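Worksheet: the structure to be examined is printed underneath.
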Amino acid sequence: SSGINAECPLRPGGYELRDTIMLFSMEDIFVISSKKKTDFLRPLRDMLAKKENMPKMTLLTRMKGDSGADHMKTVIEKVKALKSVGHFPKDHFKGELAKQWNAKLKELEIDQVDATAHIALCLAVKDEQELSHLNKVAQYTSDIFSKYLRNELMNIVDEEKKVKHVKMSNNIENLVAEGKKCLLPGMDKDSVEVAYTPIIQSRKFSLKFSASSDEEKIDYANRSSVTVLFGTRYKSYCSNISRTVLVEPAEKQQKNYELLLEIVEKVYSIMTENTKLSTVYNKCVEFVKEKRPEWLNNFPKNIGFGTGIEFREPSLLIGPKNDNVLKKNMVFIIQIGVVGLKEDEKEYALMLGDTVVIGDTGASVLTPSKKKIRSVSIFLKGEGDAEEEEEEENIMENITRQSRRTAVIDNKLRHEPLSDDKRKEHQRKLVEKLNQEARDRLSAKKNGYTEKKKVQTSVAFKNLQSFPSNDPDIRNLKIMVDKKHESVIIPIFGIPTPFHISTIKNVSKSEEGDYVYLRTNLNVPGTQVAKDEHYSNPEATFMKEITFRSNMRKTLAGEVPAMHLNNAFRIIKEVQKKFKQYENEKKEKRSDCDSALIPLL
């Protein structure tokens with residue numbers, strides 16, 4: 001007596017179906033789409049036909065130039081027999097097919113029910129292929145933290161470097177963008193990307209995923225903490241890891257951290273099949289109230305959410321009022337933290353979290369990076385501390401330096417003395433290398449060879465005539481994506497400003513309350529990603545990041561402003577993916593060519 005209509009992008013078998021109308025009921029499934037997409041779905045139709053008690057699938061092919069009006073009449077006749085129809089009110093997609101379908105439904109005046117949460121619950125239980133993607137991306141995320149991020153923090157402290165939070169965040173993004181490290185066997189590097197801009201904090205703390213890494217330098221003084229939030233996507237599936245690195249923590253700080261770790265492990269054990277999400281949260285709060293009641297003032301309103309293709313599934317928030325139940329093979333991102341803590345008048349925060357999958361006896365961690373205090377803390381040793389530590393741990397040997405700051409991570413003491421002799425030897429090797437490079441260049445010129453360096457220049461629009469100034473989105477000062485010219489036109493101070501897709505490092509979307517945030521990071525001179533890009537005036541002032549916010553509430557006209565940001569985010573990702581594929585193809589073709597230098601005549 002009811003059905004669900006879908007006019008949003010669907011991904012059966014990982015293939016995204018656009019410009020497609022689908023109606024699901026207990027007896028029938030109707031699909032209106034192009035020939036290519038209906039051909040793709042034909043094996044599914046044949047499989048359903050062979051099974052008992054399965055709905056009949058009808059594929060209605062819309063040929064090129066066909067509006068699909070005749071096929072729509074067939075589907076509308078089926079809708080008339082229904083009492084109600086489910087839909088996704090927050091998804092408003094453009095296109096003639098979607099407009100026609102919405103107009104027909106409006107004429108029927110049929111009761112429309114929000115099916116978002118129900119469909120999300122159906123898709124929350126992951127199949128074998130989805131779990132394979134999620135396992136890979138979670139392990140990749142964990143490896144980036146363990147093999148790069150944690151070691152980088154150790155080096156910063158050990159060598160007393162002055163590094164900004166935003167700089168370290170950019171370094172992580174560049175590492176993922178290059179796709180050269182930590183990839184698991186069989187992983188496609190072009191399918192890996194950051195889920196959001198990594199968040200590094202050590203002075204001002206926020207548990208929200210909409211927070212950003214600021215321009216302040218990383219604080220590694222005694223009793224400080226550095227929190228890291230980092231997530232990646234692989235083939236659109238998401239994972240996340242949250243960790244805290246403590247620098248020379250006091251005894252109370254260590255106890256607080258160990259308690260937080262105990263809380264996290266407690267939550268994982270509670271997350272068994274058929275347990276309500278509200279029960280998980282409430283039991284967690286009860287445990288905190290018993291162990292450290294003063295934390296409740298700054299305790300988060302939710303401690304995690306379901307994930308998959310959507311980074312954050314709102315219908316699967318682990319909060320006090322969500323009575324949806326856990327099912328086996330659901331995947332969640334857990335994040336538990338406390339801000340506003342103080343030690344020796346110094347403010348610090350604690351944060352822990354993983355990507356987990358629901359199993360028979362609780363949640364299994366997919367991001368296995370170590371969390372124990374000795375694995376994530378940096379202890380600075382001075383004179384008189386070494387002997388005592390050697391007796392307790394029996395792991396530190398040959399300590400010869402006194403009062404020198406030395407970082408210990410994973411129970412290993414680092415010794416890297418930089419003597420004058422070693423420094424001079426290093427400088428001598430550098431001079432020899434530079435001299436040899438100069439000799440090679442001069443030798444090449446004498447033999448009549450020259451090497452020209454190709455400079456890559458990206459142009460959004462070659463002339464004013466090609467700029468789509470009459471587009472409604474541009475006139476209304478909205479974000480507009482021009483697929484033909486591979487450009488994104490962004491309103492800046494009331495002026496539509498084009499950016500070629502190659503200038504966009506990454507784009508991320510997040511939801512906080514009733515708002516959607518779209519954050520765009522741009523390539524600027526000096527960054528790793530932009531090193532091959534030509535800038536006519538690299539000394540100019542460059543814009544590095546742009547963030548837009550839009551409301552998810554309906555206007556009086558019945559529109560949801562945030563949908564425009566959702567569409568812009570989706571199309572930018574599409575154009576970026578195609579551009580990267582094109583660039584990779586060009587590189588492969590160049591590598592096949594003879595790379596020998598051409599003699600000058």
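The values are calculated or read from the model by the stated rules, or taken from the named source; none is laboratory data. As the structure is a prediction and not an experimental result, all values here were calculated from the model. Virtual Cβ from ideal backbone geometry, glycine too; neighbours counted across all protein chains shown. Ligands, DNA and RNA are excluded from the accessible area calculation, which covers all protein heavy atoms including side chains. Shrake-Rupley method; radii C 1.70, N 1.55, O 1.52, S 1.80 Å.
Centre-to-centre, using Cα atoms only, segment 171-199 and segment 572-587 are separated by 15 Å.
Packing, taken as the mean count of other beta carbons within 10 Å per residue, orders the peptides 225-234, 478-487 from highest to lowest as 225-234, 478-487. For segment 184-229, the carbon plus sulfur part of the accessible surface works out to 45%, probe radius 1.4 Å.
Here segment 242-376 exposes an accessible surface that is 44 percent carbon and sulfur, computed with a 1.4 Å probe and the other protein chains kept in place. Restricting the calculation to alpha carbons of segment 12-137 gives Rg and Dmax of 15.8, 47 angstrom. Peptides 370-376, 195-201, 106-112, 309-315 ranked from most to least packed, by the mean per-residue count of other Cβ atoms within 10 Å: 195-201, 309-315, 370-376, 106-112. Would you mind getting the accessible area per residue of segment 237-305, heavy atoms of the protein chains only, 1.4 Å probe, in Å²? The answer is 42 Å² per residue. Rounded if a/c is under 1.5, else prolate if a/b beats b/c, else oblate: with a ≥ b ≥ c from the C-alpha gyration tensor eigenvalues square-rooted, which is segment 141-237? Prolate is the answer for segment 141-237, as a/c is 1.5 or above and a/b outweighs b/c. For segment 171-212, taking Cα atoms only, Rg and Dmax work out to 13.1, 39 Å respectively. Accessible area per residue for segment 41-197 is 55 Å², calculated with a 1.4 Å probe on protein heavy atoms, without ligands, DNA or RNA. Just how far, in whole angstrom, is segment 484-498 from segment 90-123 if you go by their alpha carbon centroids? If we compute the Cα centre of each part, the gap is 30 Å.
Residue ranking by accessible heavy-atom surface, 1.4 Å probe, largest first, among Lys321, Lys291 comes out as Lys321, Lys291. Restricting segment 147-182 to trypsin sites (Lys or Arg not before Pro) that sit in a DSSP loop and have at most 15 other Cβ atoms within 10 Å of their own Cβ leaves Lys161, Lys162, Lys180, Lys181.
Ordering 542-554, 430-442 by mean Cβ neighbour count within 10 Å, with the highest value first, yields 542-554, 430-442.
Rounded to the nearest Hz, the phi-derived 3J(HN,Hα) couplings of segment 318-334 under the Karplus curve 6.51 cos²θ - 1.76 cosθ + 1.60 (θ = phi - 60°) are 8, x, x, 10, 8, 9, 5, 9, 6, 10, 4, 6, 6, 10, 10, 9, 9, where x marks glycine and proline. Could you list log10 I(q)/I(0) for segment 183-236 at q = 0.12, 0.13, 0.25, 0.31 Å⁻¹, which the Debye formula gives when each Cα is one point scatterer? With one equal scatterer per Cα and no solvent, log10 I(q)/I(0) is -0.39, -0.45, -0.93, -1.23. When only alpha carbons are used to place a centre, segment 34-80 and segment 296-340 end up 37 Å from one another. Each label point was placed 7 Å from the Cα along the Cα-to-Cβ direction; for Met47 and Glu215 their separation is 5.4 nm. Here the scattering of segment 213-336 is modelled by Debye summation over its C-alpha atoms, one equal scatterer each and no solvent; at q = 0.11 Å⁻¹ the log10 of I(q)/I(0) is -0.45.
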